[in-house]
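Contents: one structure, followed by commentary.
The values are calculated or read from the model by the stated rules, or taken from the named source; none is laboratory data. The structure displayed is predicted, hence computed values, not measured ones. Note that we place each Cβ from the backbone using ideal geometry, even for glycine, and neighbour counts take in every protein chain shown. What goes into the accessible areas is simple: the full protein's heavy atoms, side chains included, and nothing from ligands, DNA or RNA. Shrake-Rupley method; radii C 1.70, N 1.55, O 1.52, S 1.80 Å.
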Amino acid sequence: MEDPAKTVRDQYKRRIGLSGAAVAVATAVTSGLGYVVPVLGARRLDAADLGALATVLAIVAIASVPGTGLQIAVAVQRARHPGSTARHVGWITAGVCAGVVALLTPIAGPVLDLPPQLMLLLAVYTGAIVVAGRWLGQLQGDERFLRLALGMAVLAAGRYGGLVAGLLLGAGLTGSVLIATVVSLLIPVALTAVARVPGSPPGDRGVSARHVITAGSATLAMLVVSYADLLLARALLPAAASGAYAVGTVLTKGALWAPQVVTVLALPRLAQGSRRALIIAVGLVAGSGTLLVAASALAGGLAFRFAGGDGYVDLGRYAPVFALTGALYALVFVLVNAQVAAGAKWPSAPLWVSTAVLVVVAWLAPHTFPVIMWCAAGTAALALAATAWATVRSGAGKLTGAALTS
């Protein structure tokens with residue numbers, strides 16, 4: 001007679017495997033569409049408008065970070081208290097982000113050489129992207145990962161589809177952003193349908209602004225510390241060396257983001273206090289990083305050729321270091337999310353301290369490619385050690401709720 005417990009475990013593993021694949025595909029679709037926009041822009045816009053498009057994409061990327069914080073906060077609260085809502089805080093977060101972009105119009109417009117009407121369109125566009133975190137967080141917290149993957153695809157289509165269409169139609173920069181803004185307004189409508197649970201009344205608990213601020217600041221700190229070395233290389237190295245360094249950071253970002261589907265799947269169980277979920281997530285991410293570092297050591301020249309072209313093959317000896325930096329930050333990302341899930345007050349603190357250390361050391365040390373590279377790797381190790389200590393101290397991962405099916 002077949003063991004019922006084993007059957008349940010096998011079904012769970014198959015469901016998680018399918019969910020992971022779906023989320024990974026949705027992530028790849030998002031990255032692919034994000035890559036298509038500047039590639040099309042380079043072919044459809046003149047140099048001035050292409051630079052403006054890059055600025056537009058950067059503004060939206062920065063201003064929409066609170067949307068990720070909103071998603072994490074909702075997912076954690078939803079996993080702890082099924083049915084929790086984020087109706088008000090979701091729209092407030094989106095409104096604040098949109099308002100900040102709009103208020104920056106008199107300053108950012110002249111400084112960045114962007115028309116006022118373009119900045120106002122960006123405000124609406126940003127708000128529509130940020131509020132999506134409400135529904136994505138609900139799906140993630142409920143562990144409806146297949147629908148989460150669909151929701152991620154909807155967000156990607158709404159975020160980039162209008163820009164792609166505008167560029168293909170030759171609408172120019174402002175026309176493309178206008179089309180993108182109109183399309184983005186469909187995101188909340190579509191995600192409402194994707195996330196709907198028929199006959200399920202909302203819970204009596206809601207997500208607070210503090211939850212969103214904590215998760216959003218942690219996300220922002222993670223982005224800052226992992227991109228700081230690239231900015232320092234741009235400021236401290238000659239143009240050619242900084243360009244080569246930028247190619248190396250492609251490997252860093254690949255090692256950082258490749259295993260993030262693990263964190264997405266683990267977050268609801270982390271919010272429920274599952275120590276096993278934390279151990280599994282750390283193990284999988286560490287395994288991914290080990291494989292990527294080993295692959296970079298064996299085929300560093302090929303990795304640099306793929307990232308930047310034949311002119312950078314000679315830098316292949318540095319590939320394992322860049323991959324190691326990304327792998328360490330991937331582990332940091334898991335632990336920071338574990339702290340957010342455990343209700344830690346300042347999960348971003350070790351990351352801000354590590355960033356400050358990197359800036360000071362890199363500025364005082366000799367301004368060379370290898371020095372900045374090793375400073376970045378050392379900072380990643382420091383951030384991991386500090387975050388691991390803070391995670392243990394905060395009690396993240398203690399078995400205070402339901403664990404993974406065993």
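Work through the residues other than ILE92 whose Cβ is under 13 Å from its Cβ and net out their charges, Lys, Arg +1 and Asp, Glu -1. The partial results should precede the final answer.
Details: positive: ARG87, ARG134, ARG210; negative: none.
Net charge around ILE92: +3.
Once you keep just the Cα pairs under 8 angstrom separated by 6 or more residues, what percentage relative contact order results for the chain?
On the way: 632 pairs, mean separation 75.4, N = 406.
Relative contact order comes out at 19 percent.
For n ≥ 4 DSSP H runs only, could you compute -39500 (n - 2.57) per run for the chain, divide by its residues and tell me the 222 nm figure to the nearest 500? Write down the numbers at each step before the final one.
Values: 17 runs with 330 residues, N = 406.
Per the formula, -28000 deg cm²/dmol.
Taking 7 Å along the Cα-to-C-beta vector as the label spot, tell me the LEU298-ILE213 distance in nanometres, rounded to one decimal.
4.9 nm
At 1.4 Å probe size, put ARG234, ARG15 in order of accessible surface, largest to smallest.
On the way: ARG234 170, ARG15 100 Å².
Highest to lowest solvent-accessible surface, that is ARG234, ARG15.
Compute the semi-axes of the equivalent ellipsoid of the stretch 103-208, taking the square root of 5 times each eigenvalue of the Cα gyration tensor, and list them largest first in whole Å. Before the final figure, lay out the partial values.
Working: eigenvalues 197, 58, 18 Å².
Working from the Cα gyration tensor, I get semi-axes of 31, 17, 9 Å.
Please report the base-10 log of the normalised intensity I(q)/I(0) for the stretch 1-134, using a Debye sum with one equal scatterer per alpha carbon and no solvent, at each q in 0.09, 0.11, 0.12, 0.19 (1/Å).
Evaluating at q = 0.09, 0.11, 0.12, 0.19 Å⁻¹ gives log10 I(q)/I(0) of -0.42, -0.58, -0.65, -1.14.
What is the gain in length, in nm to one decimal, between VAL371 and VAL96 on full extension, counting 0.36 nm per residue of separation less the C-alpha to C-alpha distance? Present the calculation step by step, with values, prior to reporting the outcome.
Numbers: separation 275, 0.36 × 275 = 99.00 nm, distance 4.00 nm.
The span from VAL371 to VAL96 would gain 95.0 nm if fully extended.
Once you put a point 7 Å from the Cα of ASP113 and another 7 Å from the Cα of ASP46, both along the Cβ direction, what distance in nm separates them?
Here the modelled spin labels are 1.1 nm apart.
Could you tally the net charge around PRO38, taking each other residue with its Cβ under 15 Å from the Cβ of PRO38, Lys/Arg +1 and Asp/Glu -1?
Numbers: positive: ARG43, ARG44, ARG159; negative: ASP46, ASP49.
My count for the surroundings of PRO38 gives +1.
Kindly rank 181-194, 120-133 from highest to lowest mean number of other beta carbons found within 10 Å of each residue. Write out the running numbers ahead of the final one.
Values: 181-194: 17.5, 120-133: 24.4.
Sorting 181-194, 120-133 by mean packing, highest first, produces 120-133, 181-194.
Filter the DSSP H helices in the chain by two things, a Kyte-Doolittle mean of at least 0.5 and an axial alpha-carbon span of 15 angstrom or more, and list the hits by number. Walk me through the numbers before you get to the answer.
Details: long enough: 4-44 (59 Å, 0.22); 47-63 (24 Å, 2.16); 65-80 (23 Å, 0.45); 87-103 (24 Å, 1.32); 116-141 (39 Å, 1.00); 145-168 (32 Å, 1.52); 172-184 (18 Å, 1.75); 209-236 (38 Å, 1.21); 239-257 (27 Å, 0.91); 260-271 (17 Å, 1.44); 275-298 (35 Å, 1.62); 319-342 (35 Å, 1.81); 349-364 (23 Å, 2.06); 369-394 (37 Å, 1.26).
Counting only whole DSSP H runs, the qualifying helices are 47-63, 87-103, 116-141, 145-168, 172-184, 209-236, 239-257, 260-271, 275-298, 319-342, 349-364, 369-394.
Sort TYR329, TYR227 by heavy-atom solvent-accessible area, probe 1.4 angstrom, most to least.
Numbers: TYR329 5, TYR227 90 Å².
Largest to smallest exposure gives the sequence TYR227, TYR329.
Rounded to two decimals, what ratio of Rg to Rh does the stretch 299-351 give with C-alpha atoms and a Kirkwood Rh? Provide the component values of the computation, followed by the final result.
Numbers: Rg = 16.4 Å, Rh = 13.0 Å.
On the Cα set of the stretch 299-351, Rg over Rh gives 1.27.
Please give the Cα centre distance for the stretch 94-114 versus the stretch 259-287, rounded to the nearest Å.
37 Å
Give the accessible surface of the stretch 1-147 per residue, rounded to a whole number of Å², with probe radius 1.4 Å and ligands, DNA and RNA excluded.
Working: 7030 Å² over 147 residues.
Heavy-atom accessible area per residue stands at 48 Å².
Enter the accessible area of HIS211 (Å², nearest 10), with the probe set to 1.4 Å and all protein chains included.
50 Å²
The chain: Rg/Rh from Cα coordinates, Kirkwood Rh?
On the way: Rg = 21.5 Å, Rh = 22.2 Å.
With Rh from the inverse mean 1/r over Cα pairs, Rg/Rh is 0.97.
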